[in-house]
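Trainee: I'd like to ask some things about the structure below.
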Amino acid sequence: MSTKQVIMVGFTLFAMFFGAGNLIFPPALGFGSGEYFWTAMLAFVLTGVGLPLIGVIVGSISKDGYKESLKHIHPAFGVAFLVAIYLTIGPFFAIPRTATTAYEMAIVPFLSENTGIWLLVFSLAFFIIVLLLSLKPGTLINTIGQVLTPLLLIGIVLLIIVAGIAYFSNSINPASATFQESSPFTIGFTEGYLTMDAIAAIAFSVLVLNSIRQLGITNRRDLLIGTIKSALLAAALLGAIYISLGWLANRVDLGGALVDDQNLGTFLLTYMSSDVFGIFGPILLGVIVFLACITTGTGLIVSVSEYFNSILPKVPYKLWVVVFTLISFGLANQGLDQVIATSVPILSIIYPIAMTTVLLLIVTYFLPSPRLSLQIPVYVVTALSILSVLHRNGWMEMSWLESLPLFSYSFEWIPFMIVGYILGYLIGLKKPRVEYT
């Protein structure tokens, strides 16, 4: 691929991941981390940027992406896993978050009182627009995305530069009690789950492959190299923005301003934009974020509806659009903080499974291995992740889990992944090796 082609695909991938909702997590993390900023933020970048980067690259191992690769574990697992991924980045969490983020950043700063009726009215109007756009997807969505993503990026870069100059000499905000009592690395690592980009990478990887193929590149090796270069560019942009926003929040002086019932991340972004740009800051940021969230929400509705229509073709695409829009509308009215809180247990189950799957696909690509070396660790990690979430949330007492290595860091699944792979490899020594095509 030429440098121009790498930049073009890299920016396309960046636009897929760079949703307005992701902007709220780095400021909240930076503000609370205090003197532990770099430890927490680098851990956040590992899951919020590093895993999506690896996820996209691994998706290029097979010509049809994860849809083909996951069959090596088991066809049923592949379908079940992808259904869970699409529902998570779709109507259950990510799509409702587009509406609630837009509400928090475009409407709440201008309300004298934030009540549920305002969210209901706003989300109704938001999802009517999303529904109408999703029923007839076409060039309009791409055009909006190509215009709005650069606008959002320009606005954020301006905020970073101007606020960076203003806050450069400010002292670091003190770390919150949570960071003082827990592991900053673990907090940052698990906060990175909330971007949902690592699991979105599994869904987006096939789009990246298709974008590169449209450039006339079909050779398997060239596809892999092109994907790596493009993904590295997108990851560098995301990492720079996340770290910069976290750094600003780490040093912002709120001057006694109260967060009240607004999400901390959206409050900080709105406050900083007002602090450096005056009254026009929140207005500009609110308008751009609202339009970007409309685009993101529409794109997700279209993607999820098309996927479910592909596995259940008897159900019309438009019916899927209506169903997923209604579900998203209902869940959005929980409010942004509740949407995020509800997603945490589910993401805590899905992420270890996703990370295990991606890492094993890499290993078995370079070291041809029997199918059991994929199956055993994936199934064990799946069971362990479910049990760990049940215990950590107090839904089921299983104190024996706390004696597992790395449990206090939420990494207890890693030894089981390694042992499971070795065990599966040894048991399946005389069986055929997995081959990627």
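The values are calculated or read from the model by the stated rules, or taken from the named source; none is laboratory data. Computed from a predicted model, the values in this text were never measured in an experiment. In this analysis, Cβ positions are derived from the backbone assuming ideal geometry, glycine residues included, and neighbour counts consider all displayed protein chains. Keep in mind that these areas ignore ligands, DNA and RNA; they rest on the heavy atoms of the full protein, side chains included. Shrake-Rupley method; radii C 1.70, N 1.55, O 1.52, S 1.80 Å.
Trainee: Above 17 angstrom, tally the Cα pairs of the range 343-392 and express them as a % of all pairs, no decimals.
Mentor: Values: 448 of 1225 pairs.
In whole percent, the share of Cα-Cα pairs in the range 343-392 beyond 17 Å is 37.
Trainee: Continuing with this model, one more query. Equivalent-ellipsoid semi-axes (√(5λ), Cα gyration tensor) for the range 246-343, whole Å, largest first?
Mentor: 36, 15, 11
Trainee: With only alpha-carbon atoms in the gyration tensor, what are the semi-axes of the equivalent ellipsoid for the range 314-403, in Å, largest first? Please report the intermediate quantities before stating the final value.
Mentor: Values: eigenvalues 192, 112, 23 Å².
Equivalent ellipsoid of the range 314-403: 31, 24, 11 Å, largest first.
Trainee: Going Cα to Cα from K431, which lysines come in below 26 Å? Please leave out same-chain ones fewer than 8 positions away.
Mentor: K63, K67, K71
Trainee: Give me the mean projected area, in nm² to one decimal, of the convex hull enclosing the Cα positions of the chain.
Mentor: Reported value for the Cα convex hull: 21.7 nm².
Trainee: Under the definition of Cα pairs under 8 Å and six or more residues apart, what whole-number percent is the relative contact order of the chain? Intermediate values should be presented prior to the final figure.
Mentor: Working: 591 pairs, mean separation 138.1, N = 437.
Relative contact order for the chain comes out at 32 percent.
Trainee: How large is the Rg to Rh ratio of the range 185-316 when both quantities use alpha carbon positions and Rh follows Kirkwood? Let's see the in-between values first.
Mentor: Values: Rg = 19.6 Å, Rh = 18.4 Å.
My calculation of the ratio gives 1.06.
Trainee: Right, here's the next one. Expressed as a whole percentage, what fraction of the accessible surface of the chain belongs to carbon and sulfur atoms when a 1.4 Å probe is rolled over the protein heavy atoms? Intermediate results must be reported in sequence, preceding the final value.
Mentor: On the way: 13140 of 18980 Å².
Here it works out to 69 percent.
Trainee: Does anyone have the angle between helix 139-167 and the longest principal axis of the chain? Alpha-carbon axes, 0 to 90°, nearest 10?
Mentor: Tilt relative to the chain: about 60 degrees.
Trainee: Can you list the lysines whose alpha carbon is less than 16 Å from that of K229, not counting same-chain residues fewer than 8 positions off?
Mentor: Those lysines meeting the cut-off are K4.
Trainee: Could you give the angle, 0 to 90 degrees to the nearest 10, between helix 94-106's Cα long axis and the longest principal axis of the Cα atoms of the chain?
Mentor: 20
Trainee: Could you work out how far helix 413-427 tilts from the main Cα principal axis of the chain, as a 0 to 90 degree angle to the nearest 10?
Mentor: 20
Trainee: Follow-up question, since we're still on this one. Sorted from largest to smallest, which semi-axis lengths in Å does the alpha carbon gyration tensor of the range 370-437 give for its equivalent ellipsoid, taking the root of 5 times each eigenvalue?
Mentor: Values: eigenvalues 167, 25, 17 Å².
Working from the Cα gyration tensor, I get semi-axes of 29, 11, 9 Å.
Trainee: Taking Cα atoms of the range 263-422, Rg/Rh with Kirkwood Rh, to two decimals? Can you show the working numbers first?
Mentor: On the way: Rg = 21.2 Å, Rh = 19.6 Å.
Looking at the range 263-422, the ratio lands at 1.08.
Trainee: Where nothing but the Cβ of Lys and Arg (+1) and of Asp and Glu (-1) is charged, how large is the charge dipole of the range 260-406 around its Cα centre, in debye to the nearest 20? The partial results should precede the final answer.
Mentor: Values: 4 positive and 7 negative charges, 138 e Å.
With only Lys, Arg, Asp and Glu charged at Cβ, the dipole is about 660 debye.
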